[in-house]
Amino acid sequence: MSRKIRYGMVGGGRGAFIGAVHRIAAAMDQQIELVCGAFSSDPEKSKASGGDLFLPGNRCYGSFAEMIQRESGLPASQRMDFISIVTPNHVHFPPAKMALENGFHVLSDKPATFDLAEAKALAKLVKKTGLLYGLTHNYTGYPLVKQARHMVATGALGKIRKVVVEYPQGWLATRLEASGQKQAAWRTDPKRSGAAGSIGDIGTHAENLAEYISGLQIEELAADITAFVKGRALDDDGNVLLRFKGGAKGVLHCSQISVGEENHLNIRIYGEKGGLEWHQHEPNTLLAKWSDQPMQVFRTANGYLCDAAKAAGRTPPAHPEGYLEAFANIYKNFANAIRARLDGKKLRADDLANDFPKIEDGVRGMAFIEAVVKSSKANAKWTKLNV
């Protein structure tokens, strides 16, 4: 197939942050083309936002329902192949459901849905339709995160014993939502964000990263979440003990009131024979620690890395790559999976095009949120994930 993969965007209009990030990520490898969009719940703003992106007026829609209906009626040579959902959480499920029902693949911002019931319903629909569903847990796109996953999977660390993952931020240390700041307003609103604040926003990233690298699934947890800022309806800090299937233990900390912290996502994994350490502040470095030899330093874009890590890099060694490139790797792999479908090829489970978060990860993320909230309300009682 000699054409770009086409997509339509839901959300991400004027004044939005994450929509622009998605568009940059999608465009980076020149394999994907934005052809239409419903960029706002306000039809006029949606059309104006599409105009900003130089899309033809007849492909700038007033609602996601109109977009999906109209695109369904276009010839196969013109219509979109998938939709990208970049809205607040409460508008994730409706367009995903409608797109799947009308034959379109879906790539959604996280968390997958507003609540666990919606996530499970979506999983059933993905299975029924056989269409692709991806979730932009973009931190799994970093080359050295993939290297860490490979080293764990191939037994370099031995059996995993402990996982420590942290995601502190400081941007909500004051009641920023009261100022009208758009991002703060919806992320702290239970009607738009869901049952959790920091846990849903960044805690799910930490949960997903821990499971992705370790290859282990969280079985149960004990959580203590707090809304430190007076008047805030949802948590802005969370501390969670983890028990993984197979016996490993873990600690997960996320916070949006840690003053001075700037998206300091980091993870440490310890096995019987060694440990790994990775920080998003320096994403192109992975530390491997051993009891019987000096510490090793792995760097992005070097030939000694595993195939997945090498495929995720774009520039020679010492040329920094980061957040946008990691995001782009999710889009690249998702597009390659669609291209394989269009070419009639069946991908192996270990094919690089299959390396993107899926609906199963989305269900686990929502189950994590639900379990954390339930545990915290019960004074940090150990609570199993309802998956």
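Only the coordinates and a few stated rules stand behind these numbers; no lab work does. Worth saying up front: this structure is predicted, and the values here are computed from it rather than measured. Because the Cβ atoms are built from the backbone with ideal geometry, glycine has one as well, and the counts that use them run over all protein chains shown.
Counting only residues at least eight positions apart within a chain, or on another chain, the lysines with an alpha carbon under 19 Å from that of Lys346 are Lys127, Lys128, Lys332, Lys358. Going from the fewest other Cβ atoms within 10 Å to the most, the residues Tyr167, Tyr304, Tyr270 appear in the order Tyr304, Tyr270, Tyr167. Taken as Cα centroids, segment 252-316 and segment 190-216 sit 19 Å apart, rounded to the nearest whole angstrom. For the chain, what class follows from the C-alpha gyration tensor (a ≥ b ≥ c being the square roots of its eigenvalues): rounded when a/c is under 1.5, otherwise prolate if a/b is larger than b/c, else oblate? Judged from the Cα gyration tensor, the chain comes out oblate (a/c at least 1.5, b/c at or above a/b). Per residue, the average separation of C-alpha pairs within less than 8 Å and at least 6 apart gives the chain a relative contact order of 19 percent. Dipole check for segment 4-44: with +1 at the C-beta of Lys and Arg, -1 at the C-beta of Asp and Glu, and the Cα centre as origin, the magnitude is about 100 Debye. Quick check: Cα centre of segment 80-126 to Cα centre of segment 319-362, how many Å? A separation of 17 Å, based on Cα centres. Residue order for Met366, Met151, fewest other beta carbons within 10 angstrom first, comes to Met151, Met366. Dividing the mean sequence gap of close Cα pairs (under 8 Å, 6+ apart) by how many residues segment 5-135 holds gives a relative contact order of 22 percent.
For segment 1-127, the square roots of the Cα gyration tensor eigenvalues, ordered a ≥ b ≥ c, give a/c below 1.5, which places it in the rounded category.
Exposure proxy shown here: for Ile68, Ile18, the number of other Cβ atoms within 10 Å sets the order, fewest to most, as Ile18, Ile68.
For the residue pairs Lys289/Lys310; Lys249/Lys381; Lys110/Lys230, the alpha carbons lie more than 18 Å apart in Lys289/Lys310; Lys110/Lys230. Listed by chain and number, the lysines placed with their C-alpha closer than 16 angstrom to that of Lys182 are Lys45, Lys191; residues fewer than eight positions away on the same chain are left out.
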